[in-house]
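The values are calculated or read from the model by the stated rules, or taken from the named source; none is laboratory data. Everything numeric here is computed off the predicted structure, so don't read it as measured data. Here the Cβ positions follow ideal geometry from the backbone for every residue, glycine too, while neighbour counts run over all protein chains shown.
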């Protein structure tokens, strides 16, 4: 029944965003869309976090998603954002499937650091690739939906709605997965791998699956961010980007699949606010905000919205 | 009776230590076998070899005529050999009920019933009832219903042991290996606990091997005793015979008595 | 031949610098299991403090030869100002939390310190090149190197050797190792674990500050100095095996030599060679080169 | 909970910003969004000098204290206000903040961006939001070579000019040039600069030998190994487009090893470091200022005014980022007032200002700026190089050579690198 409530919340959020969209100023729509993109990556981190795994390199798949979308436009002239997100999702999942065989053997800090190394290697490769604009990155074609280029007035809203719809769908699927026996192994794996094996389940396979799903989500996020921002660059794979995602995930809490999106939105707002109230010391503002959340809301912002779990 | 588990000439060395030497044991269907011996005599090693946690250097293990020596713990569990642990292995962040449900989920999944697209509440194979019902039933048999929603990490020692054993039942094991089911349980509770466990196990119908230090418990519940010493089996017979065997007396029971005195001593101290 | 020699010398110099920069990180992780991102902040703080104090020292016309002592002193002072404050003031309340959460806390502190530095020192660069040139230079083949580089090598050897002796040889070391092995039991044994944590954190941070202080004369001390060092140090100690001193040393040497070889023979790949080595090592030694074997679970 | 309440107050503060800043003034003030590095490694060499210049020039303009032709107060009599944003973040956040500037702070125009990546990313957004945007520093030629814009301008020359100018100067100053080597940061600016310089010098000195091209990681800070390789290479000339802390670290680490004595250094952005590191730069090092700025600025009233005011306020001489910022503000002022005049004295629209700025020519502290390239959106200027010479402990530049704009900038519609490869055909 917990899942039903999640769906309900999700549905309301979706309707709210789609409905309120036109009322929002464009800059706000933009922030929300970016929040959804980053929220998808945070959701990916949450999946791994539930199994006790923290990736310091999730930006790898965020970046792969973004560059898949970008290449689609640059080399094939395809600017349909849904197609871009699909490609981003697929490419990320594909690469994650391969790397997963390696990563699934790792736990704790080493899982995090190996993924960090991998994302930094991608960063290096992109910096060296002139065709993709090196560090300056490349602009990607203005988004279209089903081949139609929305009018300037509405494009933000269209992108927002499309992004929402995809994110909504993805989250539903993830939520369903979390309620399958495999999904529910997460906590078990975190608690006691030996017992999991002695119950006849393969920890490695379970983690591999999680890893691929996480990558797919991040890929979608990256593609969405790319088509929203209209520009991609290697920094999307840099370790600080991964750090930002972990920031968001912890900020949000891992209780609900909705939390990451909330976290991403609030992160975006904090960032903008920090820029406004202290352009010269926004990092400090950001740091303090993070400290306050960790100290006063140990279960993340979500705990403001959900009752404490029993037991 | 039919042999379900056949261990032949198992040998295992850890460096200088001999953990198993020419261990031979054929276990018949539906018997209850007690494994005795002082610490380091090779009981747990024997169990670890059967469940694939340790591979023997030489020798083979057959389950219903199938060689399982090379299989992983996971595969061995899947074919119906389950074990409990000296130190309970629980999902400490989950409630007792959730612990059961995770296990049942795995069973469903291995049976191809818990996949991403499977709908509804299918019956758990071997239990012919939906997971929730099975969980409740097993918890009830082990007297754990009252703890249903408690987090595993806050459970008292005895209850942890019970849950650890209850978790092995979800897969409907053909062979159940209990590694010191009553360790850490006070002398008074021991019998009650074993009664309950054995009743539950019998209800589910399984061959049982259990490691036990308390000879009274052994003679009360075991139909057959394997006495280990220094990696070898020095006696393999019915309890009354095995326990009166002079070698066993010298190397095992005596040791046990001493050990128990010590334990009492510690308890009083 | 000539060139190989150069590669080695360059490699050693860079390794020494890396080791000094990274060893504190591995110490803190080894003892406290904290992935400490403020390490970068302390590196930067050390550099800034050194720049200010040594700058003043030189400007006042005091004996320049003593400026090395001033570099050292500034590292000590700045660490004593910030490290205990952070450990006692914030971190110690967090030890109960997840490794990741603690790491995030240090990330937050890192962000804050970045701006603290900016507020204290502004954004203009500081230069204190005097100590760099002061000792003249030595020749390798036909190449000249500032003798100053040998100081870094010296510091690396001393700090590495010193720590090893401390851990292996002394009573404190023994106690510390028990703390590493099991903080709870150590507490029960009446060891003052909190004090050990405070000392470890302070000393580890001091090593970072020391690295910064002795790098200051060779660079321009500017904002953002501490960012790059973090992930670099991580690469080093991960390759070696987190929490292992010899590991950190080996990691530094490997990275140093590989990098300098890359620069001499394949300049273009220098950018990601370090992470490549890191990934490679982890792929074959999942816990780093000097990893401790995992304990048997049942 | 406290975390939340803090958040709440902060949010309120943020969204209060817009109303507050619209003060009742007559005529309504012109609001300029200024984006530059306030933190990180880009702050000290570029960001902060540029911000200082912006604050100084805007204050003087508002007070009407600038010399002709900029004597009128503010922009066409309207006071200038600024919203300053830190550029030191990911591109995603930069685009977000740009949208905030335009749509929340409702700025009238945006002047800023040092990072080429940010320029490339922001340009199409500016176009989407129809907001006049002037890039004051970023060097990449790609912006107007890969696309054309209506609202986007750059009143500073591209990196092509720096590289070609450097090559020309080396050719003139080193008749017996045999070999070169490169030391550039491993990212777009560094690799592009090297490619342009290498191609150009190969054209001027056909059988020149390229000893090595070092590409250390951006902000690596430790260059012993690179310096060793370069010492070993024994090239006549070492080209480096290093900037910021990297440039300074390089100079500091090269000095005791005599690198720049053994080989002549060509530091295309050397001017930002020349005052700070006077004693470490050997005489005869070629220093660039990305145009006729700082020591290379022409002797005219505008320059002496700017130079004096800047020194008086900040006690340091203005470096090229300061010049470029001043130039960007004055360029827009010229266009703004031209458009206002054409608009019958009424406040001009962004479109009108853009139209006026297109293909315009104006005077900055660095001399004449022609918006000649990129369909009239990209500035070209003369460029200047010289050699360092320390006289009585003071840094000066000797045998300064000036190259007219047309000689160092590609003709309209031709890509810089193609122009160089094609042998500079106009």
Output for region D:228-244, where each listed residue is under 29 Å from the mean Cα position of the chain (by Cα) and either surrounded by 24 or more Cβ atoms within 10 Å (Cβ to Cβ) or in a strand (DSSP E or B) (or both): D:230, D:237, D:238, D:239, D:240, D:241, D:242, D:243, D:244
In region B:180-211, the residues that are within 12 Å of residue B:162 (Cα to Cα), in contact (Cβ under 8 Å) with a residue 60 or more places away in the chain and outside any helix (DSSP H, G or I): B:180, B:181, B:183
Listing of helices (runs of 4 or more DSSP H) fully contained in region A:173-235 that carry 3 or more residues being without any contact (Cβ under 8 Å) to a residue 40 or more places away in the chain and on the phi < 0 side of the Ramachandran plot: A:181-191, A:193-198
Residue check, residue A:207 within 14 Å of chain D (Cβ to nearest Cβ) and under 25 Å from residue A:168 (Cα atoms): no
Selection status of residue C:23, away from every other protein chain (no Cβ under 12 Å) and either closer than 20 Å to residue C:79 by Cβ or in a helix (DSSP H, G or I) (or both): yes
Lone unmet requirement of (1) more than 30 Å from residue B:46 (Cβ to Cβ); (2) touching a strand residue (DSSP E or B) at 6+ places or on another chain (Cβ under 9 Å) for residue B:116: (2)
All positions within region A:117-148 that are out of contact with any helix residue (DSSP H, G or I) (no Cβ under 8 Å at 6 or more places or on another chain) and either part of a loop (DSSP other than H, G, I, E, B) or over 22 Å from residue A:237 (Cα atoms) (or both): A:129, A:147, A:148
Breaking point among (1) touching a residue at least 24 places away in the same chain (Cβ under 8 Å); (2) in contact with a strand residue (DSSP E or B) (Cβ under 7 Å, 6 or more places away or on another chain); (3) surrounded by 23 or more Cβ atoms within 10 Å (Cβ to Cβ), for residue D:213: (3)
Checking residue C:158 against (1) touching a helix residue (DSSP H, G or I) at 6+ places or on another chain (Cβ under 6 Å); (2) away from chain D (no Cβ under 14 Å), the condition it does not meet: (1)
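Quick grid of which residues meet (1) within 14 Å of chain A (Cβ to nearest Cβ); (2) farther than 23 Å from residue A:246 by Cβ; (3) surrounded by 20 or more Cβ atoms within 10 Å (Cβ to Cβ); (4) without any contact (Cβ under 8 Å) to a residue 40 or more places away in the chain:
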position: C:32; (1), (2), (3), (4): yes, no, yes, no
position: C:49; (1), (2), (3), (4): no, yes, yes, no
position: C:68; (1), (2), (3), (4): no, yes, no, no
position: C:82; (1), (2), (3), (4): no, yes, yes, no
position: C:89; (1), (2), (3), (4): yes, yes, no, yes
position: C:97; (1), (2), (3), (4): yes, no, no, yes
position: C:102; (1), (2), (3), (4): yes, no, yes, no
position: C:109; (1), (2), (3), (4): yes, no, yes, no
position: C:127; (1), (2), (3), (4): no, yes, yes, no
In region A:5-35, the residues that are farther than 21 Å from residue A:152 by Cβ and within 14 Å of chain D (Cβ to nearest Cβ): A:35
Search result, residues across region B:73-97 that are crowded, with 19+ Cβ neighbours inside 10 Å and assigned to a loop (DSSP other than H, G, I, E, B): B:80, B:84, B:85, B:88, B:89, B:90, B:91, B:94
Scan of region B:104-121 for residues that are in contact with a helix residue (DSSP H, G or I) (Cβ under 9 Å, 6 or more places away or on another chain), over 16 Å from residue A:205 (Cβ atoms), part of a loop (DSSP other than H, G, I, E, B) and within 11 Å of chain A (Cβ to nearest Cβ), ordered by number: B:113, B:118
Residue that is farthest from the other protein chains (Cβ to nearest Cβ), among those in region B:49-58 that are in contact with a helix residue (DSSP H, G or I) (Cβ under 9 Å, 6 or more places away or on another chain) and crowded, with 18+ Cβ neighbours inside 10 Å: B:56
Every residue from region A:123-150 that is within 9 Å of chain C (Cβ to nearest Cβ) and either surrounded by 20 or more Cβ atoms within 10 Å (Cβ to Cβ) or closer than 30 Å to residue A:51 by Cα (or both): A:123, A:124, A:127
Those helices (runs of 4 or more DSSP H) lying entirely in region C:109-192 with at least 3 residues under 19 Å from residue C:16 (Cα atoms) and out of contact with any strand residue (DSSP E or B) (no Cβ under 9 Å at 6 or more places or on another chain): C:148-169
Checklist (1) farther than 22 Å from residue D:402 by Cα; (2) away from chain C (no Cβ under 13 Å); (3) not in a loop (DSSP other than H, G, I, E, B) applied to residue D:207, failing item: (3)
Residue B:70 being surrounded by fewer than 15 Cβ atoms within 10 Å (Cβ to Cβ) and farther than 23 Å from residue A:194 by Cα: no
Hits in region D:300-317 (condition: more than 15 Å from residue D:61 (Cβ to Cβ) and either touching a residue at least 40 places away in the same chain (Cβ under 8 Å) or not assigned by TED's automatic domain parsing to the domain that holds residue D:56 (or both)): D:300, D:301, D:303, D:307, D:314, D:316, D:317
Residue D:231 vs. criteria more than 9 Å from chain C (Cβ to nearest Cβ) and in contact with a strand residue (DSSP E or B) (Cβ under 8 Å, 6 or more places away or on another chain): no
Enumeration of residues in region A:254-283 that are surrounded by fewer than 24 Cβ atoms within 10 Å (Cβ to Cβ), within 11 Å of another protein chain (Cβ to nearest Cβ) and under 18 Å from residue C:101 (Cα atoms): A:254
Qualifying residues in region D:61-81 (those that are within 30 Å of residue C:118 (Cβ to Cβ) and surrounded by fewer than 19 Cβ atoms within 10 Å (Cβ to Cβ)) - the one farthest from the other protein chains (Cβ to nearest Cβ): D:63
Residue, nearest to the other protein chains (Cβ to nearest Cβ), within region D:270-286, restricted to residues that are farther than 11 Å from residue C:127 by Cβ and part of a helix (DSSP H, G or I): D:272
Checking residue A:248 against (1) within 14 Å of chain C (Cβ to nearest Cβ); (2) without any contact (Cβ under 8 Å) to a residue 40 or more places away in the chain, the condition it does not meet: (2)
Enumerated helices (runs of 4 or more DSSP H) restricted to region A:1-97, each holding at least 2 residues that are in contact (Cβ under 8 Å) with a residue 12 or more places away in the chain, crowded, with 24+ Cβ neighbours inside 10 Å and touching a helix residue (DSSP H, G or I) at 6+ places or on another chain (Cβ under 8 Å): A:26-50, A:59-76
